[in-house]
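Engineer: Supplied in structure tokens, the structure appears directly below.
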Ligand SMILES: Cc1cc2nc3c(=O)[nH]c(=O)nc-3n(C[C@H](O)[C@H](O)[C@H](O)COP(=O)(O)OP(=O)(O)OC[C@H]3O[C@@H](n4cnc5c(N)ncnc54)[C@H](O)[C@@H]3O)c2cc1C
């Protein structure tokens, strides 16, 4: 142990108190573990995230188990209308067809973080706001984290396991696979005449998809475009922009107003492995996906649940003692625990990354044969209920969609 390292060893240090880090803390709240969280930003900043998230049905079930669903403001998606510009073929996915009240829900990322944070506070799990983790040194026995910022409780913390949920991945890291889509997403709130009737629109254009998700009385917009076009769209006044958007959507909905537009560059980045010595990466720190299918947070929450499950099982095994050993101390960062978690999540994780990436590549170009294939695919989806059912289940449950 280095000089000046603290004596106390926490079971788990969670780096980043965004929705993913908070969800992990909450999933473990009754496990009797010594957990601490640190976030570089102030508490209010985290709860003001302007993005909206499409939450899959499976995510709803997990948020219910975490006890934050009932108080979360959200809007149900009952129908999804999928089409592509410049060709025939479209499909409609309907919740009733799958015997569900909704295919998914739209909630603000800030409101979700606020609900999770309240629950974490109520559970008495400490969160150090305005505390940046500047370094993690993983060794045989523990991880030593270096802390900076106004809220830091000490210069360093020791933990058996560090769960990194700090959002973005650094470009140029050799452990990270990267593909720049050459696209930017504009997000905004959009008003609509006559209400949204709980219908989401996903319209594929050669520059990228345009999605309108029902939210409150209007829509949450994700408008993907080439970076130069995004510059141009941001420079338009609201009326001119609304006219451009209306032209994309056609007569499916009559748009009447648009709020401030924000921009996000879209790059696929994912870690080759999400585990290392006494360290695990989750959420956007493990993979940042294109928002085309709204899978980022949904995948992250499935990972969170599986990691919590692996830790709870390991703790129970240590408490009882394995079949041929006496009860022993619990080690949250043991290599066997992390390996079990990573093995359990490999298929769903890579499947979701590939599914999202393929959707972007196939639907975001104007190559004529692909345009016809897209039309044929949408037509097939419309005519073949089992295919439609598979797509809907993939969006709702991830890899568990496979029969
Ligand atoms: C335009 C857009 C639309 C999207 N739409 C959807 C959607 O419809 N559905 C969906 O499922 N997903 C969607 N996503 C993805 C979703 O936003 C992310 O999956 C989710 O927000 C990731 O949460 P997170 O907790 O991993 O990261 P973040 O929300 O980024 O939180 C990370 C936290 O870590 C803190 N932090 C960073 N560095 C440090 C450090 N060194 N020390 C301490 N703290 C640190 C930060 O302050 C921050 O609070 C979308 C993304 C974009 C860009």
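Quick note: the coordinates plus some simple rules give every number you see, no bench work behind them. Please read these numbers as outputs of a predicted model, since none were measured by experiment. Cβ coordinates were reconstructed from backbone atoms using ideal geometry, including for glycine residues, and neighbour counts include every protein chain displayed.
Engineer: Comparing 332, 119, 45, which has the greatest mean-square fluctuation in the GNM of the chain with Cα pairs linked when under 10 Å apart?
Structural biologist: The residue with the greatest mean-square fluctuation here is 45.
Engineer: Turning to a different aspect of this structure: Expressed as an acute angle from 0 to 90° and rounded to the nearest 10, what is the orientation of the C-alpha long axis of helix 335-363 relative to the principal long axis of the chain?
Structural biologist: 10 degrees
Engineer: Would you kindly calculate the translational diffusion coefficient of the range 114-232, applying Stokes-Einstein with the Kirkwood radius from alpha carbon pairs, for 20 °C and a viscosity of 1.002 mPa s, and quote it in µm² s⁻¹ without decimals?
Structural biologist: Values: Rh = 18.9 Å.
Translational diffusion coefficient: 113 µm²/s.
Engineer: Find the percent of Cα-Cα distances in the range 276-326 that exceed 17 Å, and round it to a whole number. Don't jump to the answer; show the numbers that get you there.
Structural biologist: Details: 658 of 1275 pairs.
So the portion of pairs separated by more than 17 Å is 52 percent.
Engineer: Ordered by packing density, taken as the mean number of other Cβ atoms within 10 Å over each peptide's residues, highest first, how do 307-314, 229-236 rank?
Structural biologist: Values: 307-314: 19.9, 229-236: 15.1.
My ranking of the peptides, most packed first, is 307-314, 229-236.
Engineer: Relative to the longest principal axis of the C-alpha atoms of the chain, give the angle of the C-alpha long axis of helix 385-397, reported between 0 and 90° and rounded to the nearest 10°.
Structural biologist: 40 degrees
Engineer: Restricting the calculation to Cα positions, tell me the Rg (one decimal) and the Dmax (whole number) of the range 257-359 in Å.
Structural biologist: Final numbers for Rg and Dmax: 17.6, 68 Å.
Engineer: Among 158, 272, 320, whose mean-square fluctuation peaks in a Gaussian network model of the chain (Cα, cutoff 10 Å)?
Structural biologist: Evaluated over the chain, the most mobile residue of the options is 320.
Engineer: Among DSSP beta bridges whose residues both lie in the chain, state the antiparallel percentage, nearest 5.
Structural biologist: Working: 58 of 79 bridges.
Antiparallel bridges make up about 75 percent of those DSSP assigns within the chain.
Engineer: While we're looking at this one, here's another question. Report the normalised scattering of the range 192-348 as log10 I(q)/I(0) at q = 0.13, 0.16, 0.17, 0.18 Å⁻¹, calculated by the Debye formula with identical scatterers on the alpha carbons.
Structural biologist: Log-scaled intensity ratios, in q order: -0.75, -0.92, -0.99, -1.06.
Engineer: Just to confirm the number: angle between the C-alpha axis of helix 296-320 and the first principal axis of the chain, 0 to 90 degrees, nearest 10?
Structural biologist: The helix 296-320 is inclined about 20 degrees to the chain.
Engineer: Give me the Å³ per residue figure for the convex hull around the C-alpha atoms of the range 173-272. Walk me through the numbers before you get to the answer.
Structural biologist: Numbers: hull volume 11.4 nm³, N = 100.
Dividing the Cα hull volume of the range 173-272 by its residue count gives 114 Å³.
Engineer: What number, in percent, do you get for the relative contact order of the chain if the mean sequence gap of Cα pairs under 8 Å and at least 6 apart is divided by its residue count? Could the numbers behind the result be given before it?
Structural biologist: Numbers: 834 pairs, mean separation 82.0, N = 403.
Normalised by residue count, the contact order of the chain is 20 percent.
Engineer: P(r) tail for the chain, what percent of Cα pairs lie past 26 Å? Walk me through the intermediate numbers first.
Structural biologist: Numbers: 44971 of 81003 pairs.
Tail fraction, whole percent: 56.
Engineer: Express in whole angstrom the spacing between the alpha-carbon centres of the range 1-52 and the range 221-235.
Structural biologist: Here the two parts' Cα centres lie 35 Å apart.
Engineer: Given a 10 angstrom Cα cut-off, can you work out which residue in 265, 174, 126 is the most mobile in a GNM of the chain?
Structural biologist: Highest fluctuation among the options: 174.
Engineer: At q = 0.13, 0.19, 0.20 Å⁻¹, what is the base-10 log of I(q)/I(0) for the range 246-292 according to the Debye formula with one equal point scatterer per Cα and no solvent? Please give it to two decimals.
Structural biologist: Cα-only, vacuum Debye calculation for the range 246-292: -0.56, -0.77, -0.80.
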